[in-house]
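Here the structure is laid out as structure tokens; the discussion comes afterwards.
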Amino acid sequence: MDERGWPGVTESIDERQRNAGDGSGNGTPPPQRQQGPGRTAPPAGGQLWAGQTLASPHRATDSAWAIAGGTAVFFGSLLPFVSFSDPGIGMNPGARTANALFGLIVLGLGIALRAVPPRFLIGTSVATLCLSALGVLGYAITIVAGLVGTTEQDPFGDSVTVTFSPGIGILLALAGCAAVGVAGIRSLQHNRP
């Protein structure tokens, strides 16, 4: 401390707390906050509001994985999804819309992983994991069915095997669902009761 009793620039907070109660007339030390089990320390220089908790860095990472995966599913629905062996056959526009909507739902779950209160985090993680598993399963079945081929009838009544190869869109959507699955698994591991 300098001659006026003000703390110096190089004096640390711990030194000030020790010196506060040493009988030099500078007052009593401030009470130390005791943290209970399951409580987090308030941020440096601030106080937590009632019911507010600090978000863990794991939560932000898990959310980022899910947001990236949902974004990949959404953009995958806009890219060429499959290439048919018969040029007269095209992809149903409703399927593209459903894939885009699925990507937006998964993206919303990624945002929810960061924003929901802790009591809803396990449920959100399970929903994220289940939707990603359904997406991976659906896209994988579509890819395998396209490579094997499906039997359809042509306008003359003959059976024709139609095959289609996966495009960049379905591969991107599959990778996005896998990333969302990783986010769901990580979130469940980090938030076990």
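Rounded, prolate or oblate: pick one for the range 114-190, where a ≥ b ≥ c are the square roots of the eigenvalues of its C-alpha gyration tensor, a/c under 1.5 means rounded, and failing that, prolate if a/b is larger than b/c, else oblate. Before the final figure, lay out each step's value.
On the way: a/c = 4.54, a/b = 3.28, b/c = 1.38.
Since a/c reaches 1.5 and a/b is larger than b/c, the shape of the range 114-190 is classed as prolate.
Suppose R0 equals 30 Å. What FRET efficiency, 1/(1 + (r/R0)^6) with r the Cβ-Cβ distance, do His190 and Leu101 give to the nearest 0.05?
The computed FRET efficiency comes out at 0.55.
In the range 57-190, the ratio of gyration radius to Kirkwood radius, Rg to Rh, stands at 1.11 when only Cα atoms are counted. Between Asn92, Ser165, Ile122, the Cα set farthest toward the positive side of the dipole of the range 57-190 (charges on each charged residue's Cβ, about the Cα centre) is that of Ile122.
Loop-only chymotrypsin sites (Phe, Trp or Tyr not before Pro) in the range 127-170, please: DSSP not H, G, I, E or B, and at most 10 other Cβ atoms within 10 Å. Please report the intermediate quantities before stating the final value.
Working: sites: Tyr139, Phe156, Phe164; in loops: Phe156.
Within the range 127-170, the qualifying chymotrypsin sites (Phe, Trp or Tyr not before Pro) (loop, at most 10 other Cβ atoms within 10 Å) are Phe156.
The numbers here are math on the coordinates, done by the rules we state, and not lab data. Just so we're clear, the structure is a prediction, and the values are computed from it rather than from any experiment. For neighbour counting, all protein chains shown are included, and Cβ atoms are generated from backbone atoms with ideal geometry for every residue, glycine included.
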